[in-house]
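Visitor: My questions will all concern the structure given below.
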């Protein structure tokens, strides 16, 4: 049987697809392989069907049937494999993109767009553990440092390292070691807050970035993480421990200085017996000591906050204005009825903004849509809690202030809301609010 043929001559993106560092295969309706790019062939040879590729890839698997594609684009990811087509081996995590041909052939734009989405995902998400890569983690820290320098709110990080991880690899093999790393990352994410950022810094070292958190709060979370690791044995390995170094960012520090202090704290934890939490010395003022004026200043709208969509930008202006008005009322100790009226207006504006923003992102095929919707749901749940407290007459001004200044503005409007600016800029002149197809 001949090897899979190249893409049709009419697809002028063939060379681009061939040079992508994502393994790409194009299938017909019966899942026969029509085309594979250079990355796929280097890893897996030239299988003729999706099923034969799957069986060769996972010979020891209890299931010889690959997941059904159902005519859609599907990405496959997995750990390193020892037995692959043509005696090749993939060292480390792999990722494959399979596209099923439909209606005489899938458009090149659809293939390219999904391949580029997978490239972006692979650049920002560690394929083995699912947490952020070192590059994306450093980008997130740069954003948080910028807010710290501008607004002065506290920020901390935890550096976590599995104790004696080399013994796991030596005694159980690297495949089991990979599973341990994935489970370790899962526990870190499960025990951290939704606001926290978890990333793999290298090997068995992970960083948890903690916005709006002081050193004592970060130490509490680190201890919680330590127990989650130590008190629950790992499958195939048994009990494992981890050590944690904690540091709160200091004025004038850059990322490497800040991380360096956390690394020294981690070294202290290791040298003092492992399976413990150590904090770097020093702290900055807590959020409760930051003057009200500083919090009010961060809620002043600036043209630099624009994302480039007129409707979303106008909604952002309104949200900033309502948040600023609420904080002014808190500072002036205005009657609660007046505060509730502005809060109700804010709730309605937020609901409409979330709806419109998700619609824009959907029409732009924004790859971060699911994560952004999750952020909206979290903010909505917090706002629902504040609304209930408001109705009961037990609304805490301090809690409302933290939600407005940190959750809504610092960590959403000035963070994830700006991440899709490049997608807006590349969207052309189409009106995302036009309901017609």
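Visitor: Can you name the residue in the range 381-398 that is surrounded by fewer than 14 Cβ atoms within 10 Å (Cβ to Cβ) and part of a helix (DSSP H, G or I) and is also modelled with the lowest pLDDT among such residues?
Guide: Among those that are surrounded by fewer than 14 Cβ atoms within 10 Å (Cβ to Cβ) and part of a helix (DSSP H, G or I), it is 398.
Visitor: Right, another one. Kindly indicate whether any position in the range 363-371 is modelled with pLDDT under 80, crowded, with 16+ Cβ neighbours inside 10 Å and over 22 Å from the mean Cα position of the chain (by Cα).
Guide: no
Visitor: Regarding the range 290-305, can at least one residue be identified that is outside the structural domain of residue 211 (by TED's automatic domain parsing), in a helix (DSSP H, G or I), surrounded by fewer than 16 Cβ atoms within 10 Å (Cβ to Cβ) and at pLDDT 75 or above?
Guide: No - not one qualifying residue is present in the range 290-305.
Visitor: Would you confirm whether or not the range 174-192 contains a residue that is under 23 Å from residue 367 (Cβ atoms), in contact with a helix residue (DSSP H, G or I) (Cβ under 8 Å, 6 or more places away or on another chain) and at pLDDT below 85?
Guide: no
Visitor: So, in the range 349-362, exactly how many residues are within 11 Å of residue 383 (Cβ to Cβ) and exposed (fewer than 14 other Cβ atoms within 10 Å of the Cβ)?
Guide: The number of residues fulfilling the criteria is 1.
Visitor: Follow-up. Taking the range 183-203 on its own, how many of its residues are more than 30 Å from residue 153 (Cα to Cα) and crowded, with 16+ Cβ neighbours inside 10 Å?
Guide: Looking only at that region, the number is 1.
Visitor: Tell me yes or no: at least one residue of the range 323-333 is surrounded by fewer than 14 Cβ atoms within 10 Å (Cβ to Cβ) and modelled with pLDDT under 80.
Guide: yes
The values are calculated or read from the model by the stated rules, or taken from the named source; none is laboratory data. Every value quoted in this text rests on a predicted model; they were computed, and no experiment measured them. Cβ sites come from the backbone with ideal geometry, for glycine too, and all protein chains shown count toward neighbours.
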